[in-house]
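A quick write-up on the structure given underneath.
The values are calculated or read from the model by the stated rules, or taken from the named source; none is laboratory data. Keep in mind it's a predicted model, so treat the numbers as computed, not measured. We place every Cβ from the backbone using ideal geometry, glycine too, and count neighbours over all the protein chains shown. Just so you know, the surface numbers come from the protein's heavy atoms only, side chains and all, with ligands and any DNA or RNA stripped out. Shrake-Rupley method; radii C 1.70, N 1.55, O 1.52, S 1.80 Å.
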Amino acid sequence: MKSIRIWGGRPLGGTVSIQGSKNATLPIMAAAVLHKGITVLHNCPKIADVLFMEKILTHLGAKVCWKGNSLHLDCSSLKCTNIPDKYACQMRCSIILLGALLGRFGKGAIAPPGGCVIGKRPVDLHVSMLEAFGARIEEKGGVLKAYAPELKGGEFCFPKQSVGATEHAMIAAALAKGVAHLKNCAREPEIIWLAEFLNGMGASVEGAQTGEITIRGVNALHDSEFYTPPDRIVAGTYLCAAAITRGKIVIENPPVKELPAFLGVYGKMGGQYDMVGGKLVADGSKAYGPVSRLETEVFPGFSTDLQSPVMAVLSLAHGKSHIRENIFEDRFRVAEDLIRMGARIRINGKDAYIDGTKKLYGCPVTAQELRGGAALILAGLAAQGQTRIDNFHLVERGYERIQEDIRRLGGNASVEEE
Ligand code: UD1
């Protein structure tokens, strides 16, 4: 088991560069399956989820290699269309591969997708979208088998906004016959990045920013290269690290346009920030204000992925805060460990009530999922004494060597493996 040990109490300071985005990379890797040729992703984060997606693509027959942080995917000789349990169960995003396999081969099968334990996370929207495009889907013992000699365009209105299902639809429709109109689509930045990537490989996707997306099916795609944008959730996490330690950091490549709601909350907490020569200069030395009400929402609202990191910061605020989690029903798991460290948090269904305390105390805690694990690291950075966070592999799903960034910013963190 891997753990990260943090010695807390030092304000972070210095300059940091943000890794490529996990949530942009994963669907783009799935989309690469559509093309019988080569895709190169630059600035690709070397995180566990990306390495896992790489394993799945290799299982399907892709040739994959890394040159630094550039990921070269050669999907010319893909043959397998079946994603077995040992791959699917690890990562929820793997469901998106079903549409890519359907687009390329007219068939695909996937065992039940897994992922972070943050709620029920059904796949009904994915299934009904594929059916609307002409796929026949059978479920046996949880395994989804899909067939569509030819996917067809048409209209599909998502009954609920879903990032993954919108991405899945864009991928499935790229090579379909005719025009697909998608309504009530997610508008998260990753949707726009995926559209840019698909268009860069010869697809025709319009409206990715608007919630209504039109995809004109094309006959073939071509080789392409893509530069992965910085990860907005990692940027938000590092801004929280500055806030919770009352430090000051500079982010070299800030995705500010992707963090509108978060920066609003940062300001409410008393954090200050400014853009100077394209860099984000953040001062968290007064970021101890409580936030009377914060709700997670679809973009451009406050991201559910930054809810736990902000909860850690608010646990040291001077006053009472309230967070409502609207996206995933089980995303307050971290509260238990924060309480163990001295936080005063009461959970009631989708609401968390946080009464700021003066001090957190280091102790052994356990990451239960990716963002909760990151929140415990933040708490450890501010806590008195030493914090050991077990299950660090869950943090590595989304953060590329976070311990090195912490050390670069003057914090004290080391990773241990038993
Ligand atoms: C993606 C992100 C994740 C982020 C989430 C919300 C990736 C790899 N992951 O996850 O980090 O927290 O968006 O911004 O990009 N739902 C259904 N039926 C479905 C699909 C989803 O009911 O078929 C529900 C979910 O349970 C959830 C809501 O829709 O309540 C939103 O989920 P969705 O946007 O699909 O999240 P993911 O794409 O899984």
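Quick one: Karplus J couplings for region 90-97, per residue in order, coefficients 6.51, -1.76, 1.60, θ = phi - 60°, nearest Hz, x for Gly and Pro?
Per-residue couplings from phi come out as 7, 8, 4, 4, 4, 4, 4, 5 Hz.
May I ask for the Rg/Rh ratio of region 55-96, computed from Cα atoms with Rh as the Kirkwood radius, given to two decimals?
Numbers: Rg = 11.3 Å, Rh = 11.2 Å.
Radius of gyration relative to Kirkwood radius: 1.00.
Given the rule -39500 (n - 2.57) for each run of at least 4 DSSP H residues, summed and divided by the residues of the chain, what is its mean residue ellipticity at 222 nm, to the nearest 500 deg cm²/dmol? List each step's numbers first, then the result.
On the way: 14 runs with 132 residues, N = 418.
Result for the chain, helices only: -9000 deg cm²/dmol.
Going from most exposed to least, what order do MET1, MET170 have by accessible area with a 1.4 Å probe? Mind dumping the intermediate values first?
Numbers: MET1 100, MET170 0 Å².
Largest accessible area first, the residues go MET1, MET170.
Which links in LYS107/LYS160; LYS36/LYS177; LYS79/LYS152; LYS160/LYS350; LYS140/LYS160 stretch past 21 Å when you go from one Cα to the other?
Violating the 21 Å Cα-Cα cut-off are LYS107/LYS160; LYS79/LYS152; LYS140/LYS160.
With only alpha-carbon atoms counted, please give the Rg and Dmax of region 1-92, in Å.
16.4, 53
So, taking all protein chains as they sit and a 1.4 Å probe, how much accessible area belongs to HIS181, in Å² rounded to tens?
Counting only protein heavy atoms, HIS181 exposes about 70 Å² to solvent.
Which whole-number value in Å³ per residue fits the convex hull of the alpha carbons of the chain?
On the way: hull volume 52.6 nm³, N = 418.
Cα-based convex hull of the chain, divided per residue, equals 126 Å³.
Given q = 0.14, 0.18 Å⁻¹, what are the Debye log10 I(q)/I(0) values for region 98-217, with equal point scatterers placed on the Cα positions and solvent ignored?
Listed by q, the Debye log ratios stand at -0.54, -0.89.
Show me, for region 298-313, the HN-Hα J-couplings you get by feeding each phi into the Karplus relation (A = 6.51, B = -1.76, C = 1.60, θ = phi - 60°), rounded to Hz, glycine and proline as x.
5, 4, x, x, 6, 5, 4, 5, 9, 5, 5, x, 5, 4, 4, 5
Given Cα positions, please report Rg to Rh for region 24-177, the hydrodynamic radius being the Kirkwood one. Spell out each step's value before the answer.
Numbers: Rg = 14.5 Å, Rh = 15.4 Å.
With Rh from the inverse mean 1/r over Cα pairs, Rg/Rh is 0.94.
Based on Cα coordinates alone, diagonalise the gyration tensor for region 131-187, multiply each eigenvalue by 5, take square roots, and list the semi-axes in whole Å, largest first.
Working: eigenvalues 74, 50, 16 Å².
So the equivalent ellipsoid measures 19, 16, 9 Å along its semi-axes.
What percent of all Cα-Cα pairs in region 161-259 falls in each 10 Å bin, counting up from 0?
15, 38, 26, 15, 6, 1
Work out how far the C-alpha atoms of region 242-372 reach from end to end along every principal axis, then list the three figures in whole Å, largest first.
Sorted from largest, the Cα extents of region 242-372 read 42, 31, 26 Å.
What does the accessible area of SER17 come to, in Å² to the nearest 10, when a probe of 1.4 Å is used?
60
Just to make sure I understand: if all protein chains stay in place, what is the order of ARG92, ARG388 by accessible area at 1.4 Å, largest first? Please report the intermediate quantities before stating the final value.
Details: ARG92 45, ARG388 75 Å².
Sorted by accessible area, descending: ARG388, ARG92.
Under a Cβ-only charge scheme (Lys and Arg +1, Asp and Glu -1), can you give me the dipole magnitude of region 205-339 about the Cα centre, in debye to the nearest 20? Walk me through the numbers before you get to the answer.
Values: 13 positive and 17 negative charges, 140 e Å.
Computed charge dipole of region 205-339: roughly 680 debye.
Just the accessible area for LYS286, please: 1.4 Å probe, Å², rounded to the nearest 10?
In the full protein context, LYS286 sits at about 110 Å².
Given a 1.4 angstrom probe, I'd like the percentage of the accessible area of region 31-174 that is carbon and sulfur, rounded to a whole number.
Working: 3060 of 5620 Å².
With neighbouring chains kept in place, the figure for region 31-174 is 54 percent.
Along the positive direction of the dipole of the chain (beta-carbon charges: Lys, Arg +1; Asp, Glu -1; about the Cα centre), which of SER17, ILE406, ALA62 reaches farthest?
ILE406
Would you kindly calculate the mean projected area, averaged across all directions, of the convex hull enclosing the Cα atoms of region 346-418, in square nanometres?
Details: hull surface 23.3 nm².
Result: 5.8 nm².
Long-range amide H contacts for TYR361: which residues qualify at under 5 Å (H placed 1.01 Å from N, peptide plane, sequence gap of 5 or more or a different chain)?
Correct list: GLY342, GLN384.
Taking the solvent-accessible surface of protein heavy atoms with a 1.4 Å probe, what is the per residue accessible area of the chain in Å²?
Values: 16110 Å² over 418 residues.
Value for the chain: 39 Å² per residue.
With all protein chains present and a 1.4 Å probe, how do GLU196, GLU225 order by accessible area, largest first?
Details: GLU196 100, GLU225 130 Å².
Listed by decreasing accessible area, they come as GLU225, GLU196.
Given contacts defined as C-alpha pairs under 8 Å and at least six residues apart, what's the relative contact order of the chain, whole-number percent?
21
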